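A quick write-up on the structure given underneath.
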Amino acid sequence: MRILFAFLLFAASSFAAEPKVGPSAGSLLIHGGGALTRETIDEFITLAGGKDAPFVIIPTADSNDDWGAQYVEKGFLARAGCKNVTVLHTRNRDIANSPQFVEPLTKARGVWIDGGRQWRLADAYLGTRTVIELHAVLARGGVIGGSSAGATIQGSYMVRGAPEGNHIMMAKGHEEGFSFLKNTAIDQHVIARGRLDDMLGVLVVHPHLLGIGIDEGTAIVVKGDRAKVVGKSKIAVYDSAFTPGADGKRYFLIDTGGTLDLATRRPAQ
């Protein structure tokens, strides 16, 4: 009887622990753009296993195509003392789907997706072996981080994906992200650029989504269904079932140091 009880308790806890929104294994660091704080850099490196871990940087959201040694040397990973850093970049989907191209991802413990325009990331990598290997990084306990465009691409619904301009929140044919967070849309620079109300229209059309807006210099660190806010500002949380308070706002804010429960879409107790 005691063995049976122990087994049932283990089974119940395992079932309850399966995330509804976040990754089942590994971690995400989703940054709202602007400068990275020292705390955020240290958190990302620690989640990857330390400065000796193998890292991959994906700069494809930028319009540039020249990513040599100087780019790595100037990056935050090299300046923090990380030596094993590889750049992964292409705009050719056949290359992105090749075993040779994704080989660095099969060894990576930390992947950083730089900022720019998120549609460039989607056009290059969606539906290819690259995205499959990115999910594999998480499955073996690694960390994927990204800032600005590298934040938005981590959701399942991609906002501001129009090549015509980032003022367009919903662009047909450019609405799919990498789905590291399920049923989620992620916006960035939300307070610094006056974007706090922009997500509301997305939830009118897609009411099932969880909306997360992250300000500059701020990030969420996601493990399972817990998202801890780090950095120097706030995040905004949008849920079509949220009842506005006395201020009439259809979203709520969580300060740095707070935690969002991604499954309940409310601050964690």
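Rule-based calculations on the coordinates, nothing more; no lab input. Treat the numbers as computed from the prediction; the structure is a model and nothing was measured. Using ideal geometry, Cβ is built from the backbone for each residue, glycine included, and neighbour counts are taken over all protein chains shown.
Across all Cα atoms of the chain, the radius of gyration (one decimal) and Dmax (whole number) stand at 18.5, 65 Å. A simple rule links phi to the HN-Hα coupling: the Karplus curve 6.51 cos²θ - 1.76 cosθ + 1.60 with θ = phi - 60°, which for region 44-60 gives 4, 5, 5, 5, 7, x, x, 5, 8, 5, x, 10, 10, 10, 10, x, 5 Hz, with x for Gly and Pro. Summing charges over neighbours of Arg266, with a neighbour being any other residue whose Cβ is under 13 Å away from its Cβ, gives -1 when K and R count +1 and D and E count -1. Phi angles across region 61-77 convert, under the Karplus curve 6.51 cos²θ - 1.76 cosθ + 1.60 with θ = phi - 60°, into 3J(HN,Hα) values of 5, 7, 7, 5, 10, 10, 10, x, 4, 5, 4, 5, 4, 8, x, 5, 5 Hz, Gly and Pro given as x.
Working note: 222 nm ellipticity from helices only, DSSP H runs with n ≥ 4, each -39,500 (n - 2.57), summed and divided by the residues of the chain, gives -7500 deg cm²/dmol to the nearest 500. For Arg266, the residues 5 or more places off, or on other chains, whose built amide H falls under 5 Å of its own are Asp261.
With a ≥ b ≥ c taken as the square roots of the eigenvalues of the C-alpha gyration tensor of region 43-109, please select rounded if a/c is under 1.5 and otherwise prolate if a/b is larger than b/c or oblate if it is not? In terms of gyration-tensor shape, oblate.
Taking 0.36 nm per residue of sequence separation and removing the Cα-Cα distance, the Asp62/His167 pair yields an extension gain of 36.1 nm.
For trypsin sites (Lys or Arg not before Pro), the sites in region 68-132 that DSSP calls loop and that have at most 16 other Cβ atoms within 10 Å are Lys83, Arg91, Lys107. Other residues lying with their Cβ under 15 Å from the Cβ of Ser233 contribute a combined charge of 0, Lys and Arg counting +1, Asp and Glu -1. Tell me, what is the FRET efficiency for Thr264 and Lys232 to the nearest 0.05, using R0 = 30 angstrom and their Cβ-Cβ distance as r? Once the sixth-power term is evaluated, E becomes 0.70. Farthest towards the positive end of the charge dipole of the chain, among the residues Phe76, Ala108, Gly161, is the Cα of Ala108, using unit charges on the Cβ of Lys, Arg, Asp and Glu. When the Gaussian network model of the chain links Cα atoms closer than 10 Å, the mean-square fluctuations of Glu133, Glu39, Glu216 top out at Glu39.
If the segment from Arg193 to Asp52 were pulled out straight at 0.36 nm per residue, it would be longer than the present Cα-Cα gap by 47.1 nm.
Of the DSSP beta bridges with both residues in the chain, give the percent that are antiparallel, rounding to the nearest 5.
For the chain, the DSSP antiparallel bridge percentage is about 50.
Full extension of the chain between Glu73 and Lys223 yields a length gain of 51.1 nm, computed as 0.36 nm times the residue separation minus the alpha carbon distance. Close amide H pairs (under 5 Å, H built 1.01 Å from N) link Asn166 with no residue at least 5 positions away or on another chain. Taking every C-alpha pair closer than 8 Å and separated by at least 6 residues, the mean separation divided by the residue count of the chain gives a relative contact order of 22 percent.
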